[in-house]
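One structure is given here, and the rest of the page talks about it.
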Amino acid sequence: MAPSRDSDPRSPTRVVRLRKVLVIDGDAFWGPAIRMALEESGYYLNLVTDAQEGCRRSRERVYDLVVVSVSLGQAALEAILETLARRVSPPAAIVLAGADELRVKADPATLPALAILRRPCAVEDVVDAARALVGVPWTDHRKGA
Amino acid sequence: MADSTILRRGDSASPMPDPASSSKSILIANTNYKEAGSIRNSLEGCGYEVSAWTDVTDARERLKVRNFDVVSFSTNLGKGVDGLLEDLRARKVPPKVILIADEDEGDAAARCFLRTVVVVNRPFKIGEVADIVEHLIGAP
């Protein structure tokens, strides 16, 4: 006779939903640093250094948050934000901008949550902004299977 | 008599996986996100398996459960360095160590009491650590 589920000593399986983050930053230090900080906080991370690849990923995959740097170029930033805004359920976005690079023309109504962080800022500021925009890194999807 | 297993290892057409060919692993413990992140990316780009931590306690926990070929840590870990070094010294075969230190910390390597310690002084180029790793343990 198969043992009943109640008598199974093993802890029940937890199914969680991870928050997925895409970081698009060509900087050799900033991209890896943000990736590391967000991964340590528990988010699922993809890092790309190329604007075209970033555009492709944000079009083809589903992310909860996209972190994009203005250092990729104004045109690339606009293209990525436009791609995000076209999605049925657009992800939240964090734009990392230098003090003299802040010319984001994105319509605030098209993206549900947009945060702009001015550099220099701490890596922890990006983690705080991510947490504020999309919440905790993971949530229980349903109780034990 | 020749050992057939050894002969087979040199045969690239062999379907048997060679255990020695598994990727070499590196542990990074560094409180600086930029340093740790960029070293990790550079080593992963070369094909090494990397486990990077900004908290020395997490790094030590990881060290307890698996072996690493190289451990790279920074002097910015503060008092945590002593505990990490104790763990490394306690191992039968201690891994090779890359110590990231400021220039004025000249005796940092001597204080490790480990056989292989390579000191990298700040500021350093990102690819420098990958070159040292390759020199120490070979290509991945």
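Some values worked out for this structure:
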item	result
Any chance B:ASP87 is more than 18 Å from B:LYS24 (Cα to Cα) and part of a helix (DSSP H, G or I)	yes
Sole exception among (1) more than 14 Å from chain B (Cβ to nearest Cβ); (2) part of a helix (DSSP H, G or I); (3) modelled with pLDDT of 95 or more for A:VAL21, by number	(2)
Per-region count, segment A:15-50, residues touching a Lys or Arg at 6+ places or on another chain (Cβ under 9 Å), within 21 Å of A:THR139 (Cβ to Cβ) and charged (D, E, K, R)	1
Restricting segment A:29-64 to residues that are small (Gly, Ala, Ser) and buried (at least 17 other Cβ atoms within 10 Å of the Cβ), the residue that is farthest from the other protein chains (Cβ to nearest Cβ)	A:SER58
Only listed residue being assigned to a strand (DSSP E or B) and in contact with a Lys or Arg (Cβ under 7 Å, 6 or more places away or on another chain), chosen from B:VAL50, B:VAL97	B:VAL50
Boolean, B:SER38 is within 14 Å of chain A (Cβ to nearest Cβ) and either of a type in the set (Val, Ile, Thr) or under 21 Å from A:TRP30 (Cβ atoms) (or both)	yes
Residues satisfying the stated conditions in segment B:53-68, i.e. within 18 Å of B:TYR33 (Cα to Cα) and either in contact with a Lys or Arg (Cβ under 8 Å, 6 or more places away or on another chain) or crowded, with 20+ Cβ neighbours inside 10 Å (or both)	B:TRP53, B:THR54, B:VAL56, B:ALA59
Contacts under 6 angstrom Cβ, first residue in segment B:114-129 being within 10 Å of B:ILE100 (Cα to Cα), partner in a helix (DSSP H, G or I), 6 or more apart	B:VAL118/B:ILE132; B:VAL129/B:ILE39
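Residue-wise test of (1) within 14 Å of chain A (Cβ to nearest Cβ); (2) more than 24 Å from B:GLY138 (Cα to Cα).
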| position | (1), (2) |
| --- | --- |
| B:SER42 | yes, no |
| B:TYR48 | no, no |
| B:ASP55 | yes, yes |
| B:ARG60 | no, yes |
| B:LEU63 | no, no |
| B:PHE73 | no, no |
| B:LEU77 | no, yes |
| B:GLU86 | no, yes |
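The values are calculated or read from the model by the stated rules, or taken from the named source; none is laboratory data. Because the structure is a prediction, the values reported are computed rather than measured. Virtual Cβ from ideal backbone geometry, glycine too; neighbours counted across all protein chains shown.
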